[in-house]
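The structure appears below as structure tokens.
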Amino acid sequence: MEYLFVPLILIGVLVVIAILLLLAEKALGGGGEKIIQINEDQIIPVKSDGSLLSTLSEHKIFIPSACGGKATCGLCKFKLIEGGGEIKPTEEPFLNAEERAEGIRLSCQVKVRDNMKIEIPKELLNAKEYKTKVSYIEDLTHDIKLVRFKMIDPDHMNFKPGQYAQLNVPGIDVIRAYSIASNPKDIHEIELIIRQVPSGKATTFVHKALEVGDKITLTGPYGDFYLQEESNRDMICIAGGSGKAPIRSILYYLRDQNMPRKVKYFFGAKTKKDLYYTEEFLELSKEFPNFEYYPALSEPLPEDNWTGQVGLITDVVDRNIGDLSEAEAYLCGSPGMINACIKVLNKHEIRKENVYYDKFS
Ligand SMILES: Cc1cc2nc3c(=O)[nH]c(=O)nc-3n(C[C@H](O)[C@H](O)[C@H](O)COP(=O)(O)OP(=O)(O)OC[C@H]3O[C@@H](n4cnc5c(N)ncnc54)[C@H](O)[C@@H]3O)c2cc1C
Ligand code: FES
């Protein structure tokens, strides 16, 4: 009988530990059902105690998350009204004093451990998950590809010119943001312009593995960088590299309305092999006197035989614009380029509230 006694005591101890762990989990709010209240009017019961970002996504509410939840993009912000715990060190670099005071947080860093009340912009509730099929791929330059996606389910995406979508790289847990480069009237197929980043996870997949016919999941549309349709201000557009994507969408939209606004578009590249869609935009400028296109090379090679604008895009913009106090600016490209361009625009008296940009970080 004694040989049975020891295992029985062991089992008893394990049962007690398990009960204690369950009670502790309950006390901490984990495991059981919790309630997330969104914008006063929507209530979702959830079981998960993962991140708010992934929990909402399981319930088909898609918050932008270009870094896939690694606290490096800062796009997944929302307003926390109740619950959710204190700000984590990983969130601090992305929140300024004003945002902290308002309760703004990163949804990838906040765990759903208790009932929560949150606010997210109404437009985000329109973002959906789309099953798509790649219908066309084209090399635009040595390191930039155009990829066209046919929307399968749902079969169309409505978006504002300038907004972006997120691409889920199949097989690996990688999600990246890409501006929509196509005409917003083409709702059944959308185009992205993707530049290869050396050793980049998503861009290496797109450049080395993606093929016509592949099935890809996109989410969107996202972003508050889009054409201000109610405005009739003159426009300055500045882009570098793949930053041409959202400006192309904006210009297609304006072209379809017979270019009702005066637009100067500056595109910066290093050498001639980095230029693309040059003919297309020069043709547009011939068709519409309201539209001027300034492709510029910062380091043209002798064999480029380049007779156009030369210099850093900031210098090219500086010498080709006048007073901007009544103008609107749309900037797209690397954070460094955008910051430098904003300084030049400020010199020409642009108003802060009339500058719109998407930093491709
Ligand atoms: C709102 C938004 C819109 C965007 N739209 C576009 C678009 O239309 N076209 C496009 O090509 N990209 C766009 N991007 C950038 C894109 O989301 C990815 O960051 C980029 O493609 C790199 O992803 P990756 O997985 O290949 O690189 P990762 O694996 O994330 O990065 C690999 C390495 O490269 C560095 N790195 C990351 N991004 C860049 C970069 N852009 N340039 C130089 N180094 C980088 C990283 O710091 C890291 O060291 C956009 C980003 C944002 C936030
Ligand atoms: S998803 Fe990128 S910081 Fe949260």
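The values are calculated or read from the model by the stated rules, or taken from the named source; none is laboratory data. Quantities reported herein were computed from a predicted structural model and do not represent experimental measurements. Glycine gets a Cβ as well: all are built from the backbone with ideal geometry, and neighbour counts include every protein chain shown.
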Given (1) modelled with pLDDT of 95 or more; (2) farther than 12 Å from residue 52 by Cα; (3) within 18 Å of the chain's Cα centre (by Cα); (4) of a type in the set (S, T, N, Q), number of the condition residue 135 does not satisfy: (3)
Test: residue 219 is away from ligand 1 (no atom under 11 Å from the Cβ) and within 16 Å of the chain's Cα centre (by Cα): yes
In the stretch 87-109, residue nearest to ligand 1 (Cβ to nearest atom) [restricted to those that are of a type outside the set (A, V, I, L, M, F, W, C) and assigned to a helix (DSSP H, G or I)]: 93
Strands (runs of 3 or more DSSP E) enclosed by the stretch 110-207 - at least 1 residues per element that are of a type in the set (S, T, N, Q) and not assigned by TED's automatic domain parsing to the domain that holds residue 79: 128-139, 164-169, 174-179
Residues located in the stretch 199-224, provided they are modelled with pLDDT under 95 and away from ligand 2 (no atom under 16 Å from the Cβ): 199, 224
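Yes or no, residue by residue, for (1) more than 10 Å from ligand 2 (Cβ to nearest atom); (2) closer than 30 Å to residue 179 by Cβ; (3) touching a residue at least 40 places away in the same chain (Cβ under 8 Å):
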position	(1), (2), (3)
53	no, yes, yes
101	yes, no, no
104	yes, yes, no
118	yes, yes, yes
Which listed residue, of 303, 299, 283, is surrounded by fewer than 18 Cβ atoms within 10 Å (Cβ to Cβ) and under 30 Å from residue 223 (Cα atoms): 283
Within the stretch 66-86, considering residues that are among the small types (Gly, Ala, Ser) and surrounded by fewer than 19 Cβ atoms within 10 Å (Cβ to Cβ), the one nearest to ligand 1 (Cβ to nearest atom): 74
Search result, residues across the stretch 226-243 that are surrounded by 19 or more Cβ atoms within 10 Å (Cβ to Cβ) and either modelled with pLDDT of 95 or more or not assigned by TED's automatic domain parsing to the domain that holds residue 286 (or both): 226, 227, 235, 236, 237, 238, 239
Residue match in the stretch 185-203 (condition: over 19 Å from residue 275 (Cα atoms), away from ligand 1 (no atom under 13 Å from the Cβ) and touching a helix residue (DSSP H, G or I) at 6+ places or on another chain (Cβ under 8 Å)): yes
Among (1) under 30 Å from residue 43 (Cβ atoms); (2) touching a residue at least 24 places away in the same chain (Cβ under 8 Å) - the single one residue 91 does not satisfy: (2)
Some residue of the stretch 125-133 being within 16 Å of ligand 1 (Cβ to nearest atom), small (Gly, Ala, Ser) and under 18 Å from residue 44 (Cβ atoms): yes
Hits in the stretch 344-361 - residues which are assigned to a strand (DSSP E or B), touching a Ser or Thr at 6+ places or on another chain (Cβ under 9 Å) and without any contact (Cβ under 8 Å) to a residue 60 or more places away in the chain: 359
Subset of the stretch 183-201 that is surrounded by fewer than 21 Cβ atoms within 10 Å (Cβ to Cβ) and among the aliphatic types (A, V, I, L, M) - its residue that is nearest to residue 243 (Cα to Cα): 197
In the stretch 314-343, the residues that are touching a residue at least 24 places away in the same chain (Cβ under 8 Å) and polar (S, T, N, Q): 314, 320, 325, 334
Qualifying residue in the stretch 35-49 (condition: modelled with pLDDT of 85 or more and small (Gly, Ala, Ser)): no
